[in-house]
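In what follows, a single structure is set out as structure tokens and then discussed.
Derivation of every value follows stated rules applied to the coordinates shown; laboratory data play no part. These numbers were taken from a predicted model, which means no experiment stands behind them. Note that we place each Cβ from the backbone using ideal geometry, even for glycine, and neighbour counts take in every protein chain shown.
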Amino acid sequence: MEEKRSKVFLLLTIGLFATSFPAILVRLADADAIAIAFYRNLLASIFVLPIVLFNLRKVREIFKLFPEMFLTSFFLSFHFITWNASVKLTTVSSSLVIVATQPIWSAILGMVFLKEKVSLRGFVSISIALCSIAGIGFLDSGKGSGHLLGDILALLAAIFVSCYLITGRSVKDKIPLSIWLFSIYFTSSMMILIVGLISGTQMRGFSQKTYLMFFLMALIPSFVGHSLLNYSVRHLEAYKVQLGILLEPIVSSILAYFIFIEKPETLFYPFAIVLIIGVIYGITEQSKSKNPVEDRKIDA
């Protein structure tokens, strides 16, 4: 039993490391946020497809879950679009720290739509997160409207991924993980393609470097990273996986510093630290509740 748990923690560590790269790859891709989101999801679905072939007898089950699959794909699509755009406009640190607040928004959405109770500690955690986001937004507003818009898009991305978690968790015991991931990745890519065609976004004719970034985004953070996080959350408490995801802004910010020479201003750090403490404060209480939230889909 202990050996299996050690294996899960090892896979979780690999998954967390893999999910620390997308912001860097988005920056290196010379393409619009919509095009990046399309190729990442489409290629990720192709990577998952061979695993689906081992569960062909259960493929039909996805049709029984079409409403959940459609909604989950919709929210995933707009999470990627808004987050990709955010990374292009503001700093990697600001974008990822704000997106890391998704457990807070999951709590709020759960309270509104699922009638889940939020304790006093939960409200304190939410208040801390909101004040910290406002502080980061205030700092970035002095850098121009683009940075502030990037922060707003990061906030929307956090809300969209929370909606994605809320709508997707009801299927956790109803369908194999590979079929579910293939369905939402592929459906999301088709939704994003429609948005791209309607908006007139360039969807092809990119450089070899940009296509390589698309490939790496689908392979490393989506196929490897998300698959391992989804596997981990089936064997560990959800809050432990969520706590691990809070390491992503730190790792990505370090990479951004060395690759793009991007260094946040001094006042960013206290706001970021307080924000992460607020999220941890809220998440750790979930593990003690009688009905803990078991989110099965993890995104960044």
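Go ahead and estimate [θ] at 222 nm for the chain from helices alone: -39,500 (n - 2.57) per DSSP H run with n ≥ 4, summed, over the residue count, rounded to 500. Before the final figure, lay out each step's value.
Numbers: 15 runs with 217 residues, N = 300.
Computed mean residue ellipticity for the chain: -23500 deg cm²/dmol.
In the range 2-286, what is the count of Lys pairs whose alpha carbons are under 29 Å apart, counting only pairs at least 8 residues apart or on separate chains?
27
Among 33, 51, 20, which residue has its Cα furthest toward the positive end of the charge dipole of the range 1-149, with +1 on Lys/Arg Cβ and -1 on Asp/Glu Cβ?
With unit charges placed on the Cβ atoms, the residue in question is 51.
For a quick check of your reading of the filter: which trypsin sites (Lys or Arg not before Pro) in the range 45-135 sit in a DSSP loop and have no more than 15 other Cβ atoms within 10 Å?
Here the sparse-neighbourhood loop sites are 60, 115, 117.
Report relative contact order for the range 2-286 in percent, whole number only (criteria: Cα-Cα under 8 Å, sequence separation at least 6).
42
Assigning unit charges at the beta carbon (Lys, Arg +1; Asp, Glu -1) and nothing else, what dipole magnitude in debye, to the nearest 20, does the range 1-143 show about its Cα centre?
On the way: 14 positive and 8 negative charges, 78 e Å.
That gives a dipole near 380 debye.
Taking the Cα centre of the chain as the origin and placing charges on Cβ (Lys, Arg +1; Asp, Glu -1), which of 96, 110, 84 is farthest toward the positive end of the dipole?
110
Looking at (1) 42, 22, 16; (2) 27, 25, 18; (3) 29, 21, 19, which value of semi-axes √(5λ) of the Cα gyration tensor in Å comes from a calculation on the structure shown?
After the calculation, the listed value that fits is (2).
State the answer as a single residue: which of 179, 229, 8 lies farthest towards the positive end of the charge dipole of the range 2-286, with beta carbon charges of +1 for Lys and Arg and -1 for Asp and Glu, about the Cα centre.
179
Taking the simple approach of a point 7 Å from Cα along Cα-to-Cβ for both residue 203 and residue 258, what is their distance in nm?
Simple spin-label model gives 3.8 nm for this pair.
Taking 0.36 nm per residue of separation and subtracting the Cα-Cα distance, what length does fully extending residue 5 through residue 28 add?
So the chain would gain 4.7 nm between residue 5 and residue 28.
Using +1 on the beta carbon of Lys and Arg, -1 on that of Asp and Glu, and nothing else charged, what's the dipole of the range 2-286 about the Cα centre, debye to 20?
720
Once R0 is set to 45 Å, what does the formula 1/(1 + (r/R0)^6) return for the Cβ-Cβ distance between residue 54 and residue 266, expressed as a FRET efficiency to the nearest 0.05?
Computed FRET efficiency for residue 54 and residue 266: 0.30.
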